[in-house]
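The structure that follows is given in the form of structure tokens.
The values are calculated or read from the model by the stated rules, or taken from the named source; none is laboratory data. Given the structure is predicted, the values throughout are model-derived calculations rather than measurements. Cβ atoms come from the backbone with ideal geometry, glycine included; neighbour counts cover every protein chain shown. SASA here: full protein model, heavy atoms, side chains in, ligands and nucleic acids out. Shrake-Rupley method; radii C 1.70, N 1.55, O 1.52, S 1.80 Å.
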Amino acid sequence: MNNTKNNQYDVAILGGGVVGTAILYVLSKYTTLESIALLEKYPKFGQVNSNSRSNSQTLHFGDIETNYTLEKAKVVKEAAEMVVKYLEGLKGKKSKIFQKGHKMVLGVGKEEVNILEKRFEEFKKLFPNLKKLGVKEIAKVEPEVVKGRNPKEPILALYSEDSYTVDFGRLAESFVENSLKETKKNIYF
Ligand SMILES: Cc1cc2nc3c(=O)[nH]c(=O)nc-3n(C[C@H](O)[C@H](O)[C@H](O)COP(=O)(O)OP(=O)(O)OC[C@H]3O[C@@H](n4cnc5c(N)ncnc54)[C@H](O)[C@@H]3O)c2cc1C
């Protein structure tokens, strides 16, 4: 349907958080739909769960999230890489939307170290940038983690430099801005 006089649209998206605005962006850029409505009850987008104060601002890939199975990580990584492609392609105020850094998950004691050793073997093919760090290497990147620890207690980190801290509220605003810029479709708010 494309009868906007009667408030009818090809697609109506309910909610302008990071999810609704990402859908808007994908539909605007990659489909032949002609009219899209995005309904948001607040005056600004991304101000509820997607607001930077409502979440941990982590773009999850599934490599260091030890509650993710390999199967789940494959799916999450694919989606995260699409977000990275979008973020890296942004022009202008990039640094307000995301920052790149490093991340690690730490195993303390024999049992946790064994879990991370096994995880590394299972996940290294999917995540070639994932590294195993022993105590000396951890001390170089995060000295406070090692300071004051019992040297007899084994520790091991899985570490990666593919880490993005994202303000999902600002990302939502950017999705809307770029949906309007990159399409000739009719978008209604
Ligand atoms: C403590 C915590 C930490 C988290 N950390 C992370 C993290 O590190 N990384 C991560 O990826 N995720 C994290 N999350 C989850 C993440 O915040 C959410 O998955 C994400 O923000 C959801 O986005 P959304 O667009 O679905 O929801 P929202 O951002 O809440 O958007 C929904 C929108 O719908 C609108 N709306 C609702 N009802 C109506 C209506 N009737 N009419 C019109 N508009 C309506 C709202 O106003 C809102 O803007 C965390 C969550 C919590 C609670």
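Per 0.36 nm of contour for each residue apart, how much would the distance between LYS93 and LYS140 grow if the chain were fully extended, relative to their Cα-Cα spacing?
Roughly 13.8 nm would be gained on extension.
Projecting each Cα onto the charge dipole of the range 58-166 (Lys/Arg +1, Asp/Glu -1 at the beta carbon, about the Cα centre), which of TYR164, GLY148, PHE61 comes out farthest on the positive side?
Most positive-ward Cα: TYR164.
Tell me what the chain gives for mean residue ellipticity at 222 nm when only DSSP H runs of n ≥ 4 count, each as -39,500 (n - 2.57), the sum divided by the residue total, rounded to 500 deg cm²/dmol. Could the numbers behind the result be given before it?
Numbers: 7 runs with 75 residues, N = 189.
Estimated from H runs of four or more residues: -12000 deg cm²/dmol.
I want to check the label-to-label distance for PHE189 and LYS118. Put each point 7 Å from Cα in the C-beta direction and report it in nm to one decimal.
5.0 nm
Only four residue types carry charge here, +1 at the Cβ of Lys and Arg and -1 at the Cβ of Asp and Glu. Report the dipole size of the range 1-117 about the Cα centre in Debye, rounded to the nearest 20.
Magnitude of the dipole: close to 660 debye.
Take the Cα of GLU153, step 7 Å along the line toward its Cβ, and report every residue of the range 85-105 whose backbone nitrogen sits under 17 Å from that point.
What the label zone holds, given the 17 Å backbone N cut-off, is 105.
Tell me the label-point distance for the pair LYS100, THR165, using the 7 Å Cα-to-Cβ offset, in nm and rounded to one decimal.
So the two model labels end up 1.6 nm from each other.
If each residue of separation counts as 0.36 nm, what is the full-extension length gain between LYS29 and VAL48 once their alpha-carbon separation is subtracted?
Numbers: separation 19, 0.36 × 19 = 6.84 nm, distance 2.51 nm.
Full-extension gain reported as 4.3 nm.
How large is the dipole of the range 58-166 about the Cα centre if only Lys and Arg carry +1 and Asp and Glu carry -1, each at its Cβ, rounded to the nearest 20 debye?
400 debye
On to the next question. For the range 119-167, what is the accessible area per residue in Å² when the probe is 1.4 Å?
Heavy-atom SASA per residue in the range 119-167 reads 63 Å².
Determine the order of ARG53, ARG170, ARG119 by accessible area, beginning with the largest, at a probe radius of 1.4 Å.
Largest accessible area first, the list is ARG53, ARG170, ARG119.
I would also like to ask the following. For the chain, give the share of DSSP beta bridges that are antiparallel, in percent and rounded to the nearest 5; count only bridges with both residues there.
Values: 14 of 21 bridges.
Percent antiparallel among DSSP bridges in the chain is about 65.
A follow-up question, please. Beyond a 23 Å Cα-Cα separation, which of these cross-linked pairs lie in this structure: LYS41/LYS94; LYS103/LYS147; LYS103/LYS136; LYS44/LYS72; LYS44/LYS94; LYS93/LYS131?
Distance filter (> 23 Å) returns LYS41/LYS94; LYS44/LYS72; LYS93/LYS131.
Pick out which of LYS96, LYS132, LYS147 has the largest mean-square fluctuation in a Gaussian network model of the chain, springs linking Cα atoms closer than 10 Å.
Its mean-square fluctuation being the largest, the pick is LYS147.
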